[in-house]
Every structure is written in C-alpha cells, then in structure tokens.
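Here the structure is laid out as structure tokens; the discussion comes afterwards.
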Amino acid sequence: LLIRSAGAESVSAQKASSKEISSLIEKFKSNDEREIDAAIEKLIKIGEPAIPALTEALQDKNSLVGRSAAEVLAKIGPPAIPALAKGLKNSDPFVRIISASALERIRAEAKTAVPLLVPALKDSEARVRSSAASALGSLGAEAKTAVPQLIPLLKDSDANVRFTATSALGKIGTEAKM
C-alpha cells in the first residue's frame with residue numbers, strides 16, 4: 001500500500017500543471033522560510049517539467065526567487081544544465097553567479113559543464129569569474145581542459161578570483177602543472 005501511494009504521488013508530481021508550478025515559484029517571494037522550503041521540495045519532486053518556469057524564475061529581479069530557482073535546478077540535476085547554461089549568459093551578474101554555483105553543485109555532467117563555465121572565467125564581474133573557477137575546481141581532473149583559461153586568473157586584479165583560481169588548479173591536480 002505504501003509503495004502504491006508513493007508511486008501515485010510521483011505520477012501526480014510529474015503531471016503538475018504550469019499553473020501549479022507558477023504558484024509554487026510565486027511562494028519563493030514569501031518571508032516564511034518553511035513555505036519557501038516546501039515549495040522547493042515540491043518543485044524538486046516535479047523535476048523536469050518545472051525547468052522552463054524555473055529558467056524564467058532564475059532571472060527574476062527578486063534575488064530570493066532567483067536563488068531558490070537555482071537551488072531547485074541544481075537538485076533536478078543534469079537535465080537542468082541547459083537552463084543553467086542560459087543563466088551563465090544573462091546580463092545580470094547575480095544570475096550568472098548563481099548559475100555557476102548551481103552547475104558546481106550538479107557535478108555529475110562534468111564534460112558538459114566545463115565548456116559552459118570556461119567563458120565565464122573572462123566575465124567582467126569578479127564574482128562571476130570566481131564562481132566559475134570554483135565550479136571548475138569542484139569537477140577535479142574532469143576540468144583539466146580548463147587549465148589554460150584558469151592560469152591567467154592567477155594574476156587577476158581581484159584577490160578572491162586569484163585565490164579561487166589557485167584552489168581550482170589545486171583540485172584539478174597534476175593536470176594543472178604549468
């Protein structure tokens with residue numbers, strides 16, 4: 001009986017309407033952390049069908065909405081990579097930062113994420129460069145193709161970027177030798 005009930009919940013989650021998904025995303029604007037957490041959990045259960053609406057929410061002017069959308073996308077995992085790649089190209093530096101951080105948390109599809117993150121290493125915003133370097137470092141040796149683009153960051157004007165690049169190169173390992 002429990003197994004059938006869990007299966008039914010999963011099926012109903014996948015059949016969530018766009019109106020239900022929008023209503024859950026709207027809860028990201030709440031001041032009630034429990035309400036936000038509950039909406040995040042429900043959207044994670046809905047999974048892939050929520051990606052288009054979450055992609056839009058990622059770009060919301062309300063940073064809490066964007067941050068919450070990025071958290072859900074990261075937990076949805078590899079199917080959300082294209083949405084986060086789109087976020088890396090957004091004109092808003094905050095959206096680029098949270099997209100890079102979400103890609104860092106996914107980790108599973110390193111070969112897909114590396115070419116998406118490398119252009120962000122040249123971003124005009126130091127925080128974006130730092131987030132991209134951190135995400136690449138979290139991929140370890142899988143990010144070895146990014147080493148040539150990480151090395152110039154060791155001389156970046158921003159101390160945090162230099163630190164993050166150094167750390168990333170260390171995590172990539174022997175492939176990072178100059």
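What the table shows:
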{"quantity": "Aspartates and glutamates whose Cα lies under 19 Å from that of K144, excluding same-chain neighbours fewer than 8 positions away", "calculated": "E104, E109, E175"}
{"quantity": "Kyte-Doolittle at least -1.0, axis length at least 15 Å by Cα - qualifying DSSP helices, the chain", "calculated": "2-14, 33-46, 63-76, 93-106, 126-138, 159-172"}
{"quantity": "Mean ellipticity per residue at 222 nm, deg cm²/dmol - from DSSP H runs of n ≥ 4 across the chain, formula -39500 (n - 2.57)", "calculated": "-20000 deg cm²/dmol"}
{"quantity": "Added length on full extension, which subtracts the Cα-Cα distance from 0.36 nm per residue, E125 to K111", "calculated": "2.6 nm"}
{"quantity": "Prolate/oblate/rounded call for region 67-178, Cα gyration tensor, a/c under 1.5 rounded", "calculated": "oblate"}
{"quantity": "Spin-label pair A141/S23, simplified geometry with 7 Å Cα→Cβ offset, distance in nm", "calculated": "5.0"}
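Read-outs throughout are calculated quantities, based only on the coordinates presented, and are distinct from any laboratory measurement. Quick caveat: nothing in here was measured; it's all calculated off a predicted structure. Heads up, the Cβs are rebuilt from the backbone with ideal geometry, glycines too, and the neighbour counts pull from every protein chain shown.
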